[in-house]
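Taking it in order: structure first as structure tokens, then the write-up.
The values are calculated or read from the model by the stated rules, or taken from the named source; none is laboratory data. Please read all numbers here as calculations on a predicted model, not as lab measurements. Positions of Cβ are backbone-derived with ideal geometry, glycine not excepted, and every protein chain shown enters the neighbour counts. Side chains are part of the model used for accessible areas, which takes the heavy atoms of the whole protein and leaves out ligands, DNA and RNA. Shrake-Rupley method; radii C 1.70, N 1.55, O 1.52, S 1.80 Å.
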Amino acid sequence: MKIERDSIMVKSIGILTSGGDAPGMNAAVRAVVRAALDQGIEVIGINGGYSGLVNDNVRPLTARDVSNVVTHGGTMLYSDRCLEFKTPEGMAKALKCCADNEIDGVIAIGGDGTFRGATDLTNHGIPSIGIPGTIDNDITATEQTIGFDTALNTALTM
């Protein structure tokens, strides 16, 4: 099955987590994977955030891959801050990874740096969506980010 959105045929999406880990990132990955698969869209897990795009460290994700991940801390896809991604050479490698793996769009889970990276990908022709996942709760136009409530309540009970 192919989903057409604004004249773009979406057959495969990449998903990554970037920046600092936040509680709930695995739940977000699981929700995206299951929703996409239900629509007939292949999901490619990008390991290590934008470093995974730069270094072509990707793998297909199935419903089985995300079973029981909500009980685990951190992020099953691992996270990283990638300075190389910000360079023209790094962006070229990331775009090649998307082309080689037939990734039509990217869902990026993280904070403000993650969103800047998603914007850069979009500006280079890879449509991207950001899911706010940060304990800092500092994403514009978002009342509460994934991970903020857990971090706040943990701090209050310490």
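With all protein chains present, how much of the accessible area of the chain (probe radius 1.4 Å) comes from carbon and sulfur, to the nearest whole percent?
C and S fraction of accessible area: 52 percent.
Here are some values of Rg and Dmax of the Cα atoms in Å: (i) 23.6, 91; (ii) 15.1, 51; (iii) 15.3, 45. Which one was computed from this structure?
Here the calculated entry is (ii).
Using a basic spin-label model with each label point 7 Å from the Cα along Cα→Cβ, how many nm lie between Met9 and Ile129?
That separation, rounded to one decimal, is 2.1 nm.
At a probe size of 1.4 Å, how large is the accessible area of Val54, to the nearest 10 Å²?
10
On a straight-distance basis, which aspartates and glutamates could pair with Lys96 in a cross-link, Cα separation under 13 angstrom, same-chain partners fewer than 8 positions away excluded?
Reachable aspartates and glutamates: Asp56, Asp104.
Beta carbons within 10 angstrom, averaged per residue: use that to sort the peptides 111-117, 149-155, highest first.
Highest-to-lowest ranking by the protection proxy: 111-117, 149-155.
Could you work out the pair-distance distribution P(r) of region 48-127 from its alpha-carbon pairs, with 10 angstrom bin width and percents rounded to whole numbers?
17, 52, 26, 5
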